1. So is Leu223 over 20 Å from the mean Cα position of the chain (by Cα), in a helix (DSSP H, G or I) and within 30 Å of Lys30 (Cα to Cα) or not?
2. As an exercise: evaluate Glu114 against (1) over 20 Å from Val50 (Cβ atoms); (2) at pLDDT below 95; (3) not aromatic (Phe, Trp, Tyr) and give the number of the one condition it does not meet.
3. I need a count of the residues in the range 184-202 that are more than 18 Å from Glu97 (Cβ to Cβ) and surrounded by 13 or more Cβ atoms within 10 Å (Cβ to Cβ).
4. Quickly run through the range 160-192 and pick out the residues that are among the hydroxyl-bearing types (Ser, Thr, Tyr) and touching a residue at least 12 places away in the same chain (Cβ under 8 Å).
5. Just to be sure, is Glu220 touching a residue at least 24 places away in the same chain (Cβ under 8 Å), loosely packed, with under 13 Cβ neighbours inside 10 Å, among the acidic types (Asp, Glu) and over 17 Å from Ala129 (Cβ atoms)?
6. How many of the residues in the range 150-191 are in a helix (DSSP H, G or I), closer than 28 Å to Leu37 by Cα and charged (D, E, K, R)?
7. Filter the range 54-82 down to the residues that are surrounded by 12 or more Cβ atoms within 10 Å (Cβ to Cβ), modelled with pLDDT of 95 or more and among the charged types (D, E, K, R) and list them by number.
8. Quick test of your reading of the structure: Ser78 fulfils all but one of (1) more than 26 Å from Asp215 (Cβ to Cβ); (2) out of contact with any helix residue (DSSP H, G or I) (no Cβ under 8 Å at 6 or more places or on another chain). Name the failing condition by number.
Amino acid sequence: MLYSVVIPAAGQGKRMKAGKNKQFISLAGKPVIIHTLLVFEEDPLCSKVVLVANSDEVEVMKELVEKHCLTKIDSIVSGGSERQFSVSKGLSALTDEDEIVLIHDGARPFIRKEHIHELVQVTSKDGAAIIAVPVKDTVKLGKDKQVVNTVDRSSLWAVQTPQAFQLSLVKQAHKEAMEENYLGTDDASLVERMGKKVSIVQGDYLNMKLTTPEDLLFAEAILQSKWGET
């Protein structure tokens, strides 16, 4: 089944401390955002990509897309002040209400195609699904720097992207959130608050989001391991 994908890449990325949008940081000779876009460019099930950029970086993104000969970029739209608003603008660029749309972080370049395909398959049946991995560390609930209790991690999942939805469902979720001035932690939370079920597809721990300078060290190691060839 074919799908479209919205890729928000308009964040400031202040925790990266790079002095520029982290999407433009070079990894193995290519900007981070290009590594991410190439995953979908090379996936035959991906029909189109909507890229959401800072308003003052739209032209730069267009130049990068042309330079790397990316053919699936359907549009590049200006983002909003929050990620949620940027995603909403990206969704507005899609019109087939019955299609499956993925929402994927621009700074998460190591998603595997097999996980994307499983996510699409589950979403085609359930209407909404997320990629996540089981929490490995012990998690404690704390207050005032004191442990309140230890949380049972057997039911805890660390959520990643992409997250996938029927387009009409996620558009409605964003519409209701905007009308009620609700700002969620991810797109799935907007669907959950509507009372809709969201399924979980287990991904892997390499699908990291590049957030801090330390993450770049791991990213270079992943690229050197030729992860995409497995």
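1. Details: over 20 Å from the mean Cα position of the chain (by Cα): no; in a helix (DSSP H, G or I): yes; within 30 Å of Lys30 (Cα to Cα): yes.
No, not satisfied.
2. Failing condition for Glu114: (2).
3. Restricting attention to the range 184-202, the residues satisfying the condition of being more than 18 Å from Glu97 (Cβ to Cβ) are 184-186, 188-189, 192-193, 195, 197-202.
With surrounded by 13 or more Cβ atoms within 10 Å (Cβ to Cβ) added as a condition, the list becomes 184, 186, 188-189, 192-193, 198-201.
Residues meeting the conditions: 10.
4. If we filter the range 160-192 for residues that are among the hydroxyl-bearing types (Ser, Thr, Tyr), which is where we start, we get 161, 168, 182, 185, 189.
The answer is Thr161, Ser168.
5. Values: touching a residue at least 24 places away in the same chain (Cβ under 8 Å): yes; loosely packed, with under 13 Cβ neighbours inside 10 Å: yes; among the acidic types (Asp, Glu): yes; over 17 Å from Ala129 (Cβ atoms): yes.
For Glu220, the condition - touching a residue at least 24 places away in the same chain (Cβ under 8 Å), loosely packed, with under 13 Cβ neighbours inside 10 Å, among the acidic types (Asp, Glu) and over 17 Å from Ala129 (Cβ atoms) - is met.
6. 3
7. Within the range 54-82, Lys62, Lys72, Asp74 meet the criteria.
8. (2)
The values are calculated or read from the model by the stated rules, or taken from the named source; none is laboratory data. It should be emphasised that the depicted structure is a prediction, and the values quoted were computed from it without experimental measurement. Because the Cβ atoms are built from the backbone with ideal geometry, glycine has one as well, and the counts that use them run over all protein chains shown.
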